[in-house]
Each structure stands twice: as C-alpha cells, then as structure tokens.
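*Asks:* Supplied in structure tokens, the structure appears directly below.
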Amino acid sequence: MLVPRTSLIISTYNWPAALKHCLTSAAQQKVLPDDVIIADDGSGEETRALIEEMQPHFPVPLVHAWHDDLGFRKAEILNKAVKQSSADYLIQVDGDVILHPLFVKDHLVAAEPGTFVRGTRARLTATRTAELLGSPSPTLHFFSSGVYNRLNALRLPALKSLGERKEMKCRNVRGSNLAFWKSDFIRVNGYNNDLQGWGHEDEELAARFINNSIIKKIIKLSAIQFHLHHDELQKENEPFHSKIVEEAIINKVKTCRNGYGRS
C-alpha cells in the first residue's frame, strides 16, 4: 500500500515544558509526518511563544490550531485541528508524551483501510518526569529508569503480529495514541462537541467508528510513547460523558449532530 499523506495531531493545554519535549520527539521521527498540527485548547502566551520559536526550524510545517480558553473543549479543538489537515491519515497524541523515534513509522505500517488504530503508552513516575523536564533531549527506552507499564515500552517489530488484534468494542480507546483515516472521521462527523470537560470523547468517537463497521485494531510492541506524570484532571462531567458513550453503543449511533461539521 502507498504511504498516505499523514498529519500528526498533538493536543495541548498550558504545559509548554511537556509540549516542547513532545515536539522535539516529533521532529526526530525517522519517518516524518507531512505536517504537525497542535490542537491547543486555549493555552496562554508561553505556549504560543514556544510554537513560534520552533516553527522556523521544524522539519515539516508546524501548524497552531487555537481557540479561546472557555473550559475543557478538547473535542472541539481536535475537530478544528483536523480541519486544518489536508492529509489522508491522522495520528493523534497528547502533548504530554514523548514519542519513540519510530512512532510514526510504526503507525503507518499498522494502517489499513476499514480500521482505526489504538495504541498503548508507557508511563513515567513523578520523579522521572521532573528529571526529564529539566533535561534538553531525553532518551527513553524499555530499560529506562522511572518507567512503569513497562511492557508498553517494549518495541519488537519482528513479533508485532503477536501484539495485534481486532475487536468491535470502544473500550480503552485513548486519544493519546490513536490513528484513523480522515474520510472515516468525516463520515462519523468527528468528535462530539457536546462532550465538554474531561472524559470519554475518544471512546465515544470509537463507538461511532464501530457502528459504521470500522474495526478497532489494537497494536502493541510498536508505536511506543512515554507519558509524563501529572495530577489527574477534574472529572465532574465524566458520568454524563459515560452515559453518552453507553447510548451510542446501545442505539448504534453512527454520527453526531454537533461535531466536525460545526467546528
């Protein structure tokens, strides 16, 4: 299969120190995306200054999609970021992860029509995160100190088929390691803008993919990323979001009314 035009979409909100490391790891990919689009949910001037500083030297176009800070509106800014992409295939991560140098390549190898891809992530302890944020260019691997969920840091391309499976369930889909075809995203009308506040916007999107017979492909032993430690976000809207996910599953919802087309 021909390699599709690809955008790496990075969501962020007011953590420029983490975003800098994420962008550095994106710039060091052995196979670069065609562009990188930052989905910025209303960050302040420090984040804008960081992006403007990196743009002239970045190896691919670095696009800053931003809207006003009116609360947690991650779904909406992700829709806006996707609108700024002319690519066929979209790889989505959060701005608080550090990518393995072969992260994009692994996702492109995993891409296939009729599927979306859910990856995993290794996590870093608070102590290790603090150390990394103070270093210029962290190098992380399976044996690095301060890593837990360590099996998710194991990259074994020769055995990657053992870490792949497909299912028609939206559980455990996380937008920090997710990839999909833009045409499929438009087909389901993208993220649901009604989901404001933390929680489950990615699973709800996945439910609509599945209701359109787009298969979830789970990958391990490839597409490695390391998640920086941070305090948990407030989750006051989580029960409402969970209910919408449940309704999407039960009612076989294939699209949402307030989504990509309204962003």
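Values quoted throughout were computed directly from the atomic coordinates according to the rules given, and no laboratory measurement underlies them. The structure presented is a predicted model; accordingly, all values stated were derived computationally and were not measured. All Cβ positions, even for glycine, are placed from backbone atoms using ideal geometry, and neighbour counts span all protein chains on display.
*Asks:* So what is the relative contact order for the chain, in percent, with contacts set as C-alpha pairs under 8 Å and at least six apart? Mind showing how you got there, number by number?
*Replies:* Numbers: 559 pairs, mean separation 64.0, N = 263.
Relative contact order comes out at 24 percent.
*Asks:* Also, I was wondering about something else. What whole-number distance in Å separates the alpha-carbon centres of the range 54-116 and the range 136-214?
*Replies:* Their Cα centres are 13 Å away from one another.
*Asks:* Ignoring the sites themselves, what is the longest stretch of the chain with no chymotrypsin sites (Phe, Trp or Tyr not before Pro) in a DSSP loop and at most 15 other beta-carbon atoms within 10 Å? Display every interim value, and only then the final one.
*Replies:* Details: sites that count: Phe142, Phe143.
Answer - 1-141.
*Asks:* Output wanted: per-residue J couplings in Hz (rounded whole) for the range 192-197, from phi through Karplus 6.51 cos²θ - 1.76 cosθ + 1.60, θ = phi - 60°, x for Gly and Pro.
*Replies:* So the J values, rounded to whole Hz, are 8, 5, 6, 8, 10, x.
*Asks:* Now, a different point. Out of these labelled values of Kirkwood radius over Cα pairs in Å, (1) 18.4; (2) 19.5; (3) 23.8, which was calculated from the coordinates shown here?
*Replies:* The listed entry that was calculated here is (1).
*Asks:* When the Karplus curve 6.51 cos²θ - 1.76 cosθ + 1.60 is applied with θ = phi - 60°, which whole-Hz ³J(HN,Hα) does each residue of the range 145-157 get, with x for Gly and Pro?
*Replies:* 6, x, 9, 10, 6, 4, 4, 6, 9, 8, 10, 9, x
*Asks:* I would also like to ask the following. Give the relative contact order (percent, whole number) for the range 1-156; include only Cα pairs under 8 Å separated by 6+ residues. Show your work: numbers first, answer last.
*Replies:* On the way: 237 pairs, mean separation 45.2, N = 156.
Relative contact order, the range 1-156: 29 percent.
*Asks:* Now, a different point. Of the DSSP beta bridges with both residues in the range 6-262, give the percent that are antiparallel, rounding to the nearest 5.
*Replies:* 40
*Asks:* Find the relative contact order for the range 128-263 and round it to a whole percent, using C-alpha pairs within less than 8 Å whose residues are 6+ positions apart. Write down the numbers at each step before the final one.
*Replies:* Details: 167 pairs, mean separation 45.4, N = 136.
RCO, the range 128-263: 33 percent.
*Asks:* Antiparallel versus total DSSP beta bridges in the range 101-230: what percent is that, nearest 5? Kindly include the intermediate steps, with their values, before the conclusion.
*Replies:* On the way: 7 of 13 bridges.
Of the beta bridges lying entirely in the range 101-230, close to 55 percent run antiparallel.
*Asks:* Just check the range 27-70 against the gyration tensor rule for me: Cα atoms, a ≥ b ≥ c as the square roots of the eigenvalues, rounded for a/c under 1.5, and otherwise prolate or oblate depending on whether a/b exceeds b/c. Could the numbers behind the result be given before it?
*Replies:* Details: a/c = 3.07, a/b = 1.87, b/c = 1.64.
Judged from the Cα gyration tensor, the range 27-70 comes out prolate (a/c at least 1.5, a/b above b/c).
*Asks:* Which value in nm describes the separation of the simple spin-label points at Asn237 and Ala158, placed 7 Å from the Cα toward the beta carbon?
*Replies:* Rounded to a tenth, the inter-label distance reads 4.8 nm.
*Asks:* Follow-up. Going by a ≥ b ≥ c, the root eigenvalues of the Cα gyration tensor, does the range 178-263 fall in the rounded group (a/c under 1.5), the prolate group (a/b larger than b/c) or the oblate group? Before the final figure, lay out the partial values.
*Replies:* Working: a/c = 1.69, a/b = 1.11, b/c = 1.53.
Because a/c hits 1.5 or more and a/b fails to exceed b/c, the range 178-263 counts as oblate.
*Asks:* Another question, if that's okay. Calculate, in nm to one decimal, what Leu2 and Glu46 gain on full extension: separation in residues at 0.36 nm each, minus their alpha carbon distance. Please list the in-between numbers first.
*Replies:* Details: separation 44, 0.36 × 44 = 15.84 nm, distance 3.90 nm.
Full extension from Leu2 to Glu46 adds 11.9 nm.
*Asks:* Here is a further query. If you build the Cα gyration tensor of the range 6-129 and take the root of 5 times each eigenvalue, what three semi-axes come out, in whole angstrom, biggest first?
*Replies:* Details: eigenvalues 90, 61, 46 Å².
After diagonalising the Cα gyration tensor, the semi-axes are 21, 17, 15 Å.
*Asks:* Greater than 27 Å separation of Cα atoms is the criterion. Which listed pairs, Lys182/Lys252; Lys216/Lys243; Lys74/Lys254; Lys83/Lys254; Lys20/Lys217; Lys83/Lys105, meet it?
*Replies:* On the way: Lys182/Lys252 21 Å; Lys216/Lys243 21 Å; Lys74/Lys254 21 Å; Lys83/Lys254 20 Å; Lys20/Lys217 30 Å; Lys83/Lys105 23 Å.
Beyond 27 Å: Lys20/Lys217.
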